1. So, in region 297-331, of the ones that are crowded, with 18+ Cβ neighbours inside 10 Å and part of a loop (DSSP other than H, G, I, E, B), which residue ends up farthest from the chain's Cα centre (by Cα)?
2. I need every pair where a residue in region 240-258 that is under 29 Å from residue 18 (Cα atoms) and at pLDDT below 95 has its Cβ under 8 Å from the Cβ of a residue that is of a type in the set (Gly, Ala, Ser) and buried (at least 17 other Cβ atoms within 10 Å of the Cβ), sequence separation at least 6 or different chains.
3. Among the candidates 56, 32, which residue alone is touching a residue at least 24 places away in the same chain (Cβ under 8 Å), out of contact with any strand residue (DSSP E or B) (no Cβ under 6 Å at 6 or more places or on another chain) and within 27 Å of residue 199 (Cβ to Cβ)?
4. What tally of residues in region 161-196 results from selecting those that are under 13 Å from the mean Cα position of the chain (by Cα), touching a residue at least 60 places away in the same chain (Cβ under 8 Å) and within 17 Å of residue 93 (Cβ to Cβ)?
5. Pick out the one residue from 163, 220 that is within 19 Å of residue 66 (Cβ to Cβ) and among the acidic types (Asp, Glu).
6. Where residues in region 332-346 are assigned to a loop (DSSP other than H, G, I, E, B) and either in contact (Cβ under 8 Å) with a residue 24 or more places away in the chain or of a type in the set (Phe, Trp, Tyr) (or both), which of them is farthest from residue 9 (Cα to Cα)?
7. Can you tell me which residue among 288, 261, 280, 255 is outside the structural domain of residue 54 (by TED's automatic domain parsing), in a helix (DSSP H, G or I) and either in contact with a Pro (Cβ under 8 Å, 6 or more places away or on another chain) or surrounded by 12 or more Cβ atoms within 10 Å (Cβ to Cβ) (or both)?
8. Taking region 124-144 only, how many residues are without any contact (Cβ under 8 Å) to a residue 40 or more places away in the chain and exposed (fewer than 14 other Cβ atoms within 10 Å of the Cβ)?
Amino acid sequence: MNNSVFIPLSVPNLSLDILDHIKETIETGWVSTGGRFITEFEHKMTKYVGVEYAISTQSGTAGLHLALKALGVEAGDEVIVPTLTFIAAVNPVRYMGAEPIFMDCDDTLNMDMDKLEEFLEYECKYEEGKVVNKTTGKQIKAIIVVHVFGNPAKMEKLMEIKDKYNLKVIEDATEALGSYYLKGKYAGKYCGTIADVGVYSFNANKIITTGGGGMVVSDDQQLIDRITKLSLQAKNDSVYFIHDEVGYNYRMTNIQAAFGISQIDKLNSFIHTKVENYNIYKEAIEEIDGLVLLKFREDTRSNYWFYSIIVNKKIYGINRDELLTKLNANNIQTRPLWGLIHKQKPYLNNQGYRLDKAEFYEKNLINIPCSSNLSARHVQIVINQLNQYESANL
């Protein structure tokens with residue numbers, strides 16, 4: 001059975017109610033990195049996730065770069081990062097002249113906090129408030145934790161580790177806007193609001209979009225003031241253009257923010273649709289031998305950004321790559337997991353620690369259509385195709 005309708009993996013959910021805002025940016029001339037929509041979008045973000053301060057940026061990647069800089073990461077330092085993530089979470093470490101150390105994932109796809117703790121205890125030494133890597137002799141300054149596919153990481157354990165070893169923590173919540181904790185110390189807290197600083201992305205495939213752009217949030221005013229300054233070319237005097245250090249052109253545009261103030265008002269409805277579609281998939285995939293739909297943590301309210309299936313060739317009949325090829329050939333856009341970062345050419349010589357579970361997921365995981373405007377009919381088309389390739393039906 002061939003599918004004649006193209007079903008994309010993850011696309012923006014846009015409507016024409018933004019046109020009045022876009023029209024205003026054109027009529028007033030405020031189309032660049034100044035204008036009322038930027039301020040309004042930042043305000044809406046602080047209210048939604050429950051933080052004191054937010055500063056919009058050109059991208060989530062720019063936000064991570066600014067966060068590392070503001071937290072004092074320098075050339076020659078090391079930063080612990082996940083290997084199972086998009087490379088944009090790691091590249092900013094190199095922008096700083098620092099080096100990443102790669103950590104494995106657990107079964108939530110997030111950083112394995114037990115292995116992290118083990119690495120710091122046995123592979124590092126803690127002296128005078130500093131963590132020094134025994135292998136390289138370099139200081140480890142920070143950890144970047146990614147809430148992968150909107151599934152919240154184990155922040156309670158991570159923050160205990162942070163305090164024990166005096167490390168800075170950046171939450172890469174670029175995939176997790178709207179995800180929050182239901183139980184434990186951080187019940188009611190949103191991903192991105194627990195560590196020293198959090199970063200969001202509004203790229204076109206994210207749960208809300210401004211076409212591009214990002215946001216950095218924190219309750220630390222000094223930190224946000226520093227990030228704001230750096231994002232504006234480190235300008236000290238706006239009249240005489242005095243700059244006392246190297247800065248960056250990293251601000252969001254007013255046109256992008258005009259999209260954002262409309263999108264964020266619809267975020268909860270987008271999440272509602274994603275949860276409904278996930279549950280339809282879940283019920284059906286439970287009946288397909290050889291496929292497992294990955295769960296989201298039950299002690300959290302995830303935004304259900306991406307849906308992931310593990311393919312067991314021995315039972316299902318074909319492997320992950322064969323399924324990927326068949327679905328895409330039938331107009332159902334799917335993708336594999338990112339290539340693990342420690343295997344990428346720029347990072348082949350970097351240290352990693354017990355990177356075995358991530359290897360399994362890299363080989364066997366596939367992402368299936370999950371847009372917030374995906375109809376139940378299209379979900380059923382995907383399910384029908386998955387059923388078709390089960391070994392009993394081949």
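The values are calculated or read from the model by the stated rules, or taken from the named source; none is laboratory data. These figures come from a predicted structure and were not determined experimentally. Every residue, glycine as well, gets a Cβ built from its backbone with ideal geometry; the counts of neighbours run over all protein chains shown.
1. Only one residue tops the list, namely 317.
2. none
3. On the way: 56 fails: out of contact with any strand residue (DSSP E or B) (no Cβ under 6 Å at 6 or more places or on another chain).
Residue meeting the stated conditions: 32.
4. So the count comes out to 3.
5. Details: 163 fails: within 19 Å of residue 66 (Cβ to Cβ).
Within the list 163, 220, the selection yields 220.
6. The first filter runs over region 332-346 and keeps only residues assigned to a loop (DSSP other than H, G, I, E, B), leaving 333-334, 337-340, 344.
Narrowing the set further to residues that are either in contact (Cβ under 8 Å) with a residue 24 or more places away in the chain or of a type in the set (Phe, Trp, Tyr) (or both) leaves 333-334, 337-338, 340, 344.
Details: 333: 5, 334: 6, 337: 13, 338: 14, 340: 20, 344: 24 Å.
Checked region 332-346; the qualifying residue farthest from residue 9 (Cα to Cα) is 344.
7. Values: 288 fails: in a helix (DSSP H, G or I); 261 fails: outside the structural domain of residue 54 (by TED's automatic domain parsing); 255 fails: outside the structural domain of residue 54 (by TED's automatic domain parsing).
From the options 288, 261, 280, 255, the qualifying one is 280.
8. Final tally of qualifying residues: 6.
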